Amino acid sequence: MNEKILNGFKKLINSDVIKRVYPMVDHIDITNIKYVNSSSHPGYMISFDIVVDSPEMTHDNMFEFDFDPYYLVDHYLVNLSSYFGIDIYMTTFSVHNLDGEAIIYNS
């Protein structure tokens, strides 16, 4: 993937576009990206690491914070990727707080 396109996508997913919907998101990292040339649907497999600034958030109470990481990834991040021509085939993600404590892993 072109480095300029990837950097633009990284900037967009860490912009106010996401933070206005999910203000608890500190930042989102792309931890892995791989192109899959599948005969049924070629595209990118992308892994995200989502860091939230709410130390009291856990897997059990994240929805009480109005935080839905599944919707964040499946709706917002996948839709934003289309602005850069990035066709996402599959996503995985993890959510951590600023202290590095795991909230959820989705692989």
### Added length on full extension, which subtracts the Cα-Cα distance from 0.36 nm per residue, Ile104 to Thr31
24.7 nm
### Query
Under the Kirkwood approximation applied to all pairs of distinct alpha-carbon atoms, what is the hydrodynamic radius of segment 47-107 in Å?
12.3 Å
### Message
Within 14 Å, Cβ to Cβ, of Asn14, how many net charges do the neighbouring residues add up to if Lys/Arg are +1 and Asp/Glu are -1?
### Response
-1
### Cα Rg over Rh - segment 3-106, Kirkwood
0.98
### Message
Below 19 Å, Cα to Cα, which aspartates and glutamates can Lys34 reach? Residues fewer than 8 away in the same chain don't count.
### Response
Glu3, Asp49, Asp74, Asp87
### Query
Please identify the trypsin sites (Lys or Arg not before Pro) of segment 10-107 that satisfy two criteria: DSSP loop assignment and at most 11 other Cβ atoms within 10 Å. Which are they?
Arg20
### Query
By how many degrees, 0 to 90 and rounded to 10, does the Cα axis of helix 3-13 deviate from the longest principal axis of the chain?
30 degrees
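At a threshold of 8 angstrom on Cα-Cα distance, excluding pairs fewer than six apart, so keeping six or more, what relative contact order does the chain reach in percent?
Here the relative contact order equals 28 percent.
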#### Entry: Cβ-based exposure ranking for Tyr76, Tyr105, in which fewest neighbours within 10 Å come first
Tyr105, Tyr76
### Task
Pick out, in residue order, every one of the GluC sites (Glu not before Pro) in segment 1-80 that is DSSP loop and has at most 12 other C-beta atoms within 10 Å; say none if there are none.
Glu56
### Task
Quickly estimate the mean residue ellipticity at 222 nm for the chain, helices only: each DSSP H run with n ≥ 4 gives -39500 (n - 2.57), and the total goes over all residues, rounded to 500.
-4000 deg cm²/dmol
### Message
Please give me the summed charge of the neighbours of Ser47: other residues whose Cβ is under 15 Å from its Cβ, Lys and Arg +1, Asp and Glu -1.
### Response
-1
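Bear in mind that the values in this text are calculations on the coordinates, not laboratory data. Since the structure is predicted, the reported quantities are computational estimates derived from the model, not experimental observations. A quick note on method: Cβ atoms are made from the backbone with ideal geometry, for glycine too, and the neighbour counts reach across all protein chains shown.
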